[in-house]
Amino acid sequence: MEYYQYIKAFHLIFVITWFAGLFYIPRLFVYQIEAFHKPSPEKEILGKQLKLMAKRLWFIITWPSAILALVFGLALFAINPYLAYQPWMQVKLGFIVLLFIYHLKTHHYFKQLQNGVVNKTSSFMRIWNEGATFILFAVIFLVILKSAINWIWGVVGIFILGVLIMLGFKVYKNIRDKNPEA
């Protein structure tokens, strides 16, 4: 079943590009929100460019990658249905459901910003940006360790990473408050 490895490779490629889009789009949201609060004409110039960048990233890279990752993942299950009975895979699928929920909620934020509606702060988007990171850590630990139990240590690591990221945000915010050009 040599084609199985090709399908697996394509699945992984599209998972990587999907995550790349999910990592970058909230960053663009941060910039869009910050641009929204700038004076004219800077607000309009930056807003227009950032909306275009977000639209291209979202519809040319992120959505197609999500769909193709799903298609190739389903093809892997069709070839090897035994995978669905593995406890680690069942936990992984739970995280994939969370990832799609994260993706859809991100799409909601995308649509709001495309329509000029700013309901969230740039600080919120900086934190939101880490959601996909947490899911990625959990999925990678599950796939590599192939254990429904040992992944817990990875999640503990994720929470520690989350605490460190939050502390980093606090330090960065303090630095920005003292020096807006930072």
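The values are calculated or read from the model by the stated rules, or taken from the named source; none is laboratory data. Just so it is clear, the structure is predicted and the values come from calculations on it, not from any experiment. Note: ideal-geometry Cβ built from the backbone for every residue, glycine included; neighbour counts use all protein chains shown.
With respect to LEU99, is the statement that it is touching a helix residue (DSSP H, G or I) at 6+ places or on another chain (Cβ under 8 Å) and modelled with pLDDT under 95 true? No. Determine whether ALA78 is touching a Leu at 6+ places or on another chain (Cβ under 9 Å) and small (Gly, Ala, Ser). It is false that ALA78 is touching a Leu at 6+ places or on another chain (Cβ under 9 Å) and small (Gly, Ala, Ser). Annotation: PHE72 fulfils all but one of (1) buried (at least 17 other Cβ atoms within 10 Å of the Cβ); (2) within 24 Å of GLU130 (Cβ to Cβ); (3) of a type in the set (Phe, Trp, Tyr); the unmet one is (2). What are the pairs, 6+ residues apart or on separate chains, where a residue within the range 49-77 that is farther than 13 Å from LEU28 by Cβ has its Cβ under 7 Å from a residue that is surrounded by fewer than 13 Cβ atoms within 10 Å (Cβ to Cβ)? Listed by first residue and then by second, the contacts come to PHE77/ALA84. Selection within the range 97-114: residues that are among the aliphatic types (A, V, I, L, M) and surrounded by 17 or more Cβ atoms within 10 Å (Cβ to Cβ). The member of this set that is nearest to LEU50 (Cα to Cα) is LEU113.
Which helices (runs of 4 or more DSSP H) sit wholly inside the range 69-163 and have at least 2 residues that are under 30 Å from GLU2 (Cβ atoms)? If you could, list the steps in order and put the result at the bottom.
On the way: elements: 87-114, 122-128, 131-145.
Output list reads 87-114, 131-145.
Considered as a group, the residues in the range 125-160 that are of a type outside the set (A, V, I, L, M, F, W, C) and at pLDDT 85 or above include one that is farthest from ILE33 (Cα to Cα), and that residue is THR133.
Please determine whether any residue of the range 112-129 is farther than 30 Å from VAL171 by Cα and more than 16 Å from the chain's Cα centre (by Cα).
Filtering the range 112-129 for residues farther than 30 Å from VAL171 by Cα gives 114-115.
Applying the additional criterion that residues be more than 16 Å from the chain's Cα centre (by Cα) yields 114-115.
Yes; the residues of the range 112-129 include at least one that is farther than 30 Å from VAL171 by Cα and more than 16 Å from the chain's Cα centre (by Cα).
Within the range 54-92, the set of residues being more than 25 Å from ILE127 (Cβ to Cβ), modelled with pLDDT of 95 or more, out of contact with any His (no Cβ under 7 Å at 6 or more places or on another chain) and among the aliphatic types (A, V, I, L, M) comprises ILE60, ILE67, LEU68, LEU70, VAL71, LEU74, ALA75, ALA78, ILE79. Restricted to the range 4-36, and to residues that are more than 19 Å from the chain's Cα centre (by Cα) and free of Cβ contacts under 8 Å to residues at least 60 places away in the same chain, which residue is surrounded by the fewest Cβ atoms within 10 Å (Cβ to Cβ)? Top of the filtered list is GLN5.
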